[in-house]
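S.K.: Here you go, one structure.
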Amino acid sequence: MHDTVQLALLIRQTCLTLCHTKNASHLGGAFSVADIMAVLYGHSLEHNPQQPRMPERDRLFYSKGHACTALYSALAHSGYFPVEQLLNEFTENGSFFTSHVNHHVPGVELSTGSLGHALGVAAGVTLAGERRHKDYRVYAILSDGELDEGSNWEAILFAGHHHLSRLTMVIDYNKIQSFGHVEDVLGLEPLADKLTAFGWAVAEVDGHDHEALKTVFSMATSQPLAVIAHTVKGKGVSFMENQLAWHYKSPKHDEYALALAELGGAQP
Amino acid sequence: MRTTFINTLILEARQNPDIFLLCGDLGYSVLEPFASEFPDRFLNVGIAEQNMMQIAAGLALEGYKVFVYSIGNFPTLRCMEQIRYDVCYHNLDVKVVAVGAGYAYGPLSTSHHTTEDLAMLRSIPGMVVTAPSDPKEAEALTRYHCQYAGPGYLRINKAGEPILHKTAISVVAPQILPLLDRQDCETVVISTGAITESALSDIEENSLGWALWSMPFVNPVDRQGLIQLAKQYQTIITLEEHQLNAGAGSAIIETLMDAFASGELQTIPKVHRIAIPNTFQHVAGSQQWLRLKSGLKLSKS
Ligand SMILES: Cc1ncc(C[n+]2csc(CCOP(=O)(O)OP(=O)(O)O)c2C)c(N)n1
Ligand SMILES: [Mg+2]
């Protein structure tokens, strides 16, 4: 098992380098979810990078497909494919490493990039596992902004009604979406109460606290579990934190050097 | 094209107090000028396109002319039933504006490849489907949608498209527009959308000697204009950055075949359709690279 703190650092460094070298966006949302990905891939998930389709694996559905660099980096540093390959091929003509999540990449269960799709699919996969008496767990990683989508609330209603206790939804609650702050665009509060009312078990954690994340991911519940992870968009690089602009910007040379230094320095 | 759209909409909104703009949590560094000048006629409804279309329908029922702005598939395929039933069936003044036509967001992958929208939208009764080839057409079509009251679709590419029309254009719906109005050849290319830029350069750089028309209206089509070209040329090549099935080329074939069947055309030219061969692209690629990979190119044979 990985040291998850070290893994989170590697994920952030790789996300940063990918967005810098390939002129890509969505770094803020990759940084906010990096610790969650590190804890899942480095600790909580039952998975095997040598056998990405292992039948008994836990399934992870990454709904916020725009922030693909966090998923690709987590997979690369877990051994699904070489980090070098990701760094070279990301967004290049003809590459499977598209800048929204692509299911042709080893370890990826579902292509995502249109928001509000993965939770319902994850609920279907959970239902399949229950009907066939399988033990795997299913994780769906959602952004806060995409909770605007009605499709998510349909899936939330469904999972609660059907007691899909093997399903965990992690909400990367970084408080910022594409064109404003969540509370200004379409407020979610009281979010925990809403999810409880929809029949979910709810845990609220600091989404950057690895021990807290490990604890919630090991919780056994009789209902689907919603993990409301309070996070900071752009977490880890001071000048990117809580800045809407870093949903879009790709770090130019100086910014890259500064950010890399804040993330521990070494070229990944 | 998106800045042309928003700048034109701002000019129109100064004249028309009923123009309202909704967005689905998109438009950073594009929509701000509108939002700040007309705060009472702008709203980010959130990442909820189906609801956004319903809100638009409600605003339109009360007399607003509503523009609904988002990326490619989100204000279109994501809310097809709201468009069909709430907007079109009730003949409401709602304009769907999608940025990122075809492969404009190439590297972002299939979620952002807008390649079935023309087919789906042109099948709905009453929906006026438009796709500008250059910024001049984008401006003219935006003005057209501001004048015309009823359901409309404006399919825009993104940014940085060159101007193709050398002279001023006025759009009289649903006219096709000449770009290379040659009489001395047997082949005419009819192209829709921003890929018309490639059509023009393919013809000029390879000295193909063909005529070229832009077809900004995909529904309804310019029936008389197309019949005229069919009488004049022996071969028609259609070009679009969209799936082969049911797109602009299909609309042309349907129109000409119907005219042939009804006796309005005595003979019918060969129609070669160049479009995406009914496939998804599973890899990243720039718009230009994906166009070529899909065979969207004009050549002699
Ligand atoms: C259905 C859909 N609508 C719109 C978009 C465009 N879009 C991309 S990211 C994003 C929102 C980003 O904010 P959030 O969802 O909170 O993600 P995060 O903060 O984790 O990056 C939007 C609206 C999309 N990808 N899918
Ligand atoms: Mg967010």
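S.K.: So A:Ser25 ticks every box in (1) closer than 27 Å to A:Met219 by Cα; (2) within 15 Å of ligand 1 (Cβ to nearest atom) but one. Which box is left unticked?
M.R.: Every condition holds for A:Ser25 apart from (1).
S.K.: Okay, next question. Residues to consider are B:Ala251, B:Ala246, B:Ala259; find the one that is surrounded by 15 or more Cβ atoms within 10 Å (Cβ to Cβ), assigned to a loop (DSSP other than H, G, I, E, B) and either in contact (Cβ under 8 Å) with a residue 40 or more places away in the chain or not assigned by TED's automatic domain parsing to the domain that holds B:Leu108 (or both).
M.R.: Of B:Ala251, B:Ala246, B:Ala259, the one residue that is surrounded by 15 or more Cβ atoms within 10 Å (Cβ to Cβ), assigned to a loop (DSSP other than H, G, I, E, B) and either in contact (Cβ under 8 Å) with a residue 40 or more places away in the chain or not assigned by TED's automatic domain parsing to the domain that holds B:Leu108 (or both) is B:Ala246.
S.K.: Would you point out the residue of the range A:76-118, among those that are within 16 Å of ligand 2 (Cβ to nearest atom) and on the phi > 0 side of the Ramachandran plot, that is surrounded by the fewest Cβ atoms within 10 Å (Cβ to Cβ)?
M.R.: Once the filter is applied, the top-ranked residue is A:Gly113.
Rundown of residues vs (1) among the aromatic types (Phe, Trp, Tyr); (2) farther than 21 Å from B:His112 by Cβ; (3) surrounded by fewer than 24 Cβ atoms within 10 Å (Cβ to Cβ); (4) more than 16 Å from ligand 1 (Cβ to nearest atom), yes/no style:
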position: A:Gln6; (1), (2), (3), (4): no, yes, yes, yes
position: A:Val33; (1), (2), (3), (4): no, no, no, no
position: A:Ile36; (1), (2), (3), (4): no, yes, no, no
position: A:Arg57; (1), (2), (3), (4): no, yes, yes, yes
position: A:Lys64; (1), (2), (3), (4): no, no, no, no
position: A:Leu71; (1), (2), (3), (4): no, no, no, no
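S.K.: Further question: Could you please find all residues in the range A:197-244 being assigned to a helix (DSSP H, G or I) and either of a type in the set (Asp, Glu) or under 16 Å from the mean Cα position of the chain (by Cα) (or both)?
M.R.: A:His210, A:Glu211, A:Leu213, A:Lys214, A:Val216, A:Phe217
S.K.: Another question, then. In contact with a helix residue (DSSP H, G or I) (Cβ under 8 Å, 6 or more places away or on another chain) and not in a loop (DSSP other than H, G, I, E, B), is that true of A:Ala192?
M.R.: For A:Ala192, the condition - in contact with a helix residue (DSSP H, G or I) (Cβ under 8 Å, 6 or more places away or on another chain) and not in a loop (DSSP other than H, G, I, E, B) - is not met.
S.K.: Read through the list (1) away from every other protein chain (no Cβ under 11 Å); (2) small (Gly, Ala, Ser); (3) free of Cβ contacts under 8 Å to residues at least 60 places away in the same chain, then give the number of the only condition that A:Ser78 fails.
M.R.: That leaves (3) as the condition not met.
S.K.: Right, something else. Could you tell me which residue of the range A:165-181 is nearest to ligand 2 (Cβ to nearest atom), considering only residues that are in a loop (DSSP other than H, G, I, E, B) and not polar (S, T, N, Q)?
M.R.: Once the filter is applied, the top-ranked residue is A:Lys175.
S.K.: Now for a separate question. Going through the range B:104-155 one residue at a time, which ones are within 14 Å of chain A (Cβ to nearest Cβ) and more than 22 Å from B:Tyr89 (Cβ to Cβ)?
M.R.: If the condition is that a residue be within 14 Å of chain A (Cβ to nearest Cβ) and more than 22 Å from B:Tyr89 (Cβ to Cβ), then B:Ala104, B:Tyr105, B:Gly106, B:Pro107, B:Leu108, B:Ser109, B:Thr110, B:Ser111, B:His112, B:His113, B:Thr114, B:Thr115 are the ones that fit.
S.K.: So in the range A:82-117, with the set limited to residues that are among the acidic types (Asp, Glu) and within 11 Å of another protein chain (Cβ to nearest Cβ), which one is nearest to the chain's Cα centre (by Cα)?
M.R.: Looking at residues that are among the acidic types (Asp, Glu) and within 11 Å of another protein chain (Cβ to nearest Cβ), I get A:Glu89.
S.K.: Related question: Looking at the range B:55-66, can you tell me whether even one residue there is touching a strand residue (DSSP E or B) at 6+ places or on another chain (Cβ under 6 Å), within 14 Å of chain A (Cβ to nearest Cβ) and outside any loop (DSSP other than H, G, I, E, B)?
M.R.: no
S.K.: While we're here: Run B:Lys297 past the list (1) in contact with a Lys or Arg (Cβ under 8 Å, 6 or more places away or on another chain); (2) more than 22 Å from B:Ala159 (Cα to Cα); (3) surrounded by fewer than 17 Cβ atoms within 10 Å (Cβ to Cβ) and report the number of the one that doesn't hold.
M.R.: All conditions pass for B:Lys297, except number (2).
The values are calculated or read from the model by the stated rules, or taken from the named source; none is laboratory data. These figures come from a predicted structure and were not determined experimentally. We place every Cβ from the backbone using ideal geometry, glycine too, and count neighbours over all the protein chains shown.
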